[in-house]
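Since every read-out is calculated from the coordinates, none of them should be taken as a lab result. These numbers come from a predicted model, not from an experiment. As a convention, Cβ positions derive from the backbone with ideal geometry for all residues, glycine included, and neighbour counts pool all protein chains shown.
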Amino acid sequence: MRLLYQILWKDHSRTHLLGAFLGTLAGFVLLLAGIQFYMDIKSVLSENRDLLDPEYIVINKKVNIGNTLGLSGGGFTEEEIAEIEAQPFADQVAAFNSNEFPVQAYTEGDQVPNFITDLFFEAIPDEYIDVKSEDWQWDPEEGTIPVIIPQDYLNLYNFGFAPSQGLPQIPKGVLSMINFKIRLQGQGRGNYDDYNGRIVGFSNRVSSILVPVDFLEWANDKYGYFKKNDPAQVILVSKDPTDPSIIRFLEERGYDTIREKLKSSRMNIILKFVISFLVLVAAIIIGLAFLVFLLSLQLMISRSADKIRRLNKLGFHYREISRPYILLLMLLMAGITGLSLLLTYLLAGQLQQRAEAWSLNISSSLHGIIYGTALGLILLISLANITAILISTKKLCK
Amino acid sequence: MLEQDTSGSEVWEADSILLEQGKSYVVEAPSGRGKTSLLSVIYGIRTDYQGLVFFDDRDLVSLRSKEWSQIRKNRLSFIFQGLELFDDLTALENIRLKNRITTYHTDERIKEMALMLGIDPFLNRKAGILSFGQQQRVAIIRALCQPFDFLLADECFSHMDRDNSLTAYQLIRAECEARNAGLILTSLNETGLPNTDVSLKL
């Protein structure tokens, strides 16, 4: 009914509607671009870690002067380990066992320089160790203790110590072939046994000298006489190391870890903060624009109050009278949806070009969630406005 | 019963009154006796009365907004004393606004009626610039552009001369008869209009 539109649209305020339109549009673009940006970065972050390989995070308590003076233990109590286990980001948790007796390693024979050193052992279940070796097993009959040392130790020697002392560098394979002796010392003089030791691998993950769990249990049984300490290190497996709650948890509890591994978690925290700020600003803008929308339409309706009453007297139902307002609203909403998606798409294209310059691979197309968010919001705003229109026209009609 | 002095009124003080379809009623009274109120009550615009008003067998109070707009589209038509025209629309558009709801009359018939009432030269002028008498005739034609069982005409000839009034009255009667509809016509004074069935004093 063209005449109805002619009558009721006459009373609109162009500035109000334009303001509401632009405001909502700005809010939408900010929100959608924010989400797009967030999804992009998120996908970049998760691409950078191996999806099949969850992160192994070794954590320890921060060392303070209390530990040095022996006033407080540096280990994790059972309760603390249980608490870590209960965290949503922790898929598996294991504590390090350690030797409860003195250990020494030494070499004999002519092939290698003689040395003797005090040593410690730690053990964690095999699934946490990044070295797979057939020799990684303990057989008391055979008496050879397999040992895994950190890759860092070898690097320290090969690239730091050896060149400065004029000593030869040692390749991994050669070091593995070196036989040395390990002396396990029980309580009391002369209560010791010598075993053969063999380095079977180098770990990038664990900074400790590792032996098989069953060996350590056996040896602690046989030689152990130290007071059992709480484990100083705990290893946890997290399928999503970008989860920002990992860092938050560690910081709250005063635990320490190799920070590098949690870089993505830290980045995620910053990203989430920036994005939530952006979303907050967008939400405020959209909220205000929504109010302007609502008020403009209500103003338009109250300006036309006389005409609406008149139309109602002529037999127009308030729903028919609402139609021009609803159509106007839908036109504006459709414009906002279309334009905001277009602008977000253009922004995403810009972002992608820039990201390519940094050799980051992000998609230039909009994520599905963008369309969902835009449509959902538009629907919400429209429904609220339509309800308001119907209520206020109904008030004017019989 | 209205909340005002209605003593001696044939309508307000009556125990009950029946308005029948097909008959024409003239309600005569000086100002302030409730002529417009009576029509407004019947048309559902005013609900501040005591007593019961039935349309067919429905209490007016029980009618929903949807039913009211159906009634106003198909069963009751009103020539408002205040005309209720849209000043920004032309005379023809004002008429069409109503006619389009039910497409009761053709454009030719509308122009014929305009010619009859002598306002055909003004059909394409904005209603707001027409004289009140011309506007009254526009409102009359508009009210005729729908089906109805009753036509409520509220002092619809007040600004017309005797000849024009008679012509308009005859047109109204003819249209009512074509629908077998009732007519309730209010007037300030003795109208002297021919062929009215019942005269009510408010």
Item to check | Dmax and Rg, reported as Rg then Dmax, of the stretch B:117-159 (C-alpha, Å) | outcome: 11.1, 32
Item to check | Under 25 Å from residue A:42, Cα to Cα: lysines that are on another chain or at least 8 residues apart | outcome: A:239, A:261, A:263, A:272
Next on the checklist: List the residues, sorted by chain then number, that are 5 or more residues from residue A:198 or on another chain and whose placed amide H is less than 5 Å from its amide H.
Outcome noted: A:145, A:147
Item to check | Shape category assigned to chain B from the gyration tensor of Cα positions, a/c cut at 1.5 | outcome: prolate
Item to check | Unsatisfied cross-links (Cα-Cα over 28 Å) in the set A:62/A:222; A:394/B:23; A:10/A:398; A:172/A:227; A:172/A:222 | outcome: A:62/A:222; A:394/B:23; A:172/A:227; A:172/A:222
Checklist entry - Of all the stretches in chain A, which is the longest one without any exposed loop site, taking GluC sites (Glu not before Pro) in a DSSP loop (any state but H, G, I, E, B) with at most 14 other Cβ atoms within 10 Å? => result A:143-398
Checklist outcome for this item: Eigenvalues of the alpha-carbon gyration tensor of the stretch B:38-149, times 5 and square-rooted, give semi-axes in Å, largest first, of 29, 15, 11
Checklist entry - Which of the aspartates and glutamates could a cross-linker span from residue B:201 if the Cα-Cα distance has to be under 13 Å and same-chain partners fewer than 8 positions apart are dropped? => result B:10, B:13, B:28, B:190
Checklist entry - Arranged by the count of other C-beta atoms within 10 angstrom, fewest first, what order do B:31, B:77, A:276 take? => result B:31, A:276, B:77
Item to check | Phi to ³J(HN,Hα) by Karplus 6.51 cos²θ - 1.76 cosθ + 1.60 over the stretch A:382-398, Hz, x for Gly, Pro | outcome: 4, 4, 4, 5, 4, 4, 4, 4, 4, 4, 6, 6, 4, 4, 7, 10, 9
Next on the checklist: Please compute the average number of Cβ atoms from other chains found within 10 Å of each residue's Cβ in peptide B:135-144.
Outcome noted: 0
Item to check | Spin-label pair residue A:116/residue B:17, simplified geometry with 7 Å Cα→Cβ offset, distance in nm | outcome: 13.0 nm
Item to check | Loop-resident sites, the stretch A:310-398, for chymotrypsin sites (Phe, Trp or Tyr not before Pro), counting at most 12 other Cβ within 10 Å (DSSP) | outcome: A:358
Item to check | Ranked list, fewest to most other Cβ atoms within 10 Å of each Cβ, for A:138, A:218 | outcome: A:218, A:138
Checklist outcome for this item: Ranked from fewest to most other Cβ atoms within 10 Å of their own Cβ, A:342, B:171 fall in the order A:342, B:171
Checklist entry - Per residue, what volume in Å³ does the convex hull of the Cα atoms of the protein assembly as shown enclose? => result 272 Å³
Item to check | Sequence-distant lysines (8 or more away, or on other chains) whose Cα lies within less than 19 Å of residue B:111 | outcome: B:98, B:126
Item to check | Alpha-carbon Rg with Dmax, taken over the stretch A:252-320, Å | outcome: 26.2, 79
Checklist outcome for this item: Simple spin-label estimate for residue A:5/residue B:53, 7 Å along Cα→Cβ, in nm, reads 3.6 nm
Item to check | Modelled FRET efficiency - R0 45 Å, residue B:10 with residue A:387, Cβ distances, 0.05 increments | outcome: 0.45
Checklist entry - Can you give the Kirkwood hydrodynamic radius for the stretch A:258-381, in Å, rounded to one decimal and based on Cα pairs? => result 18.4 Å
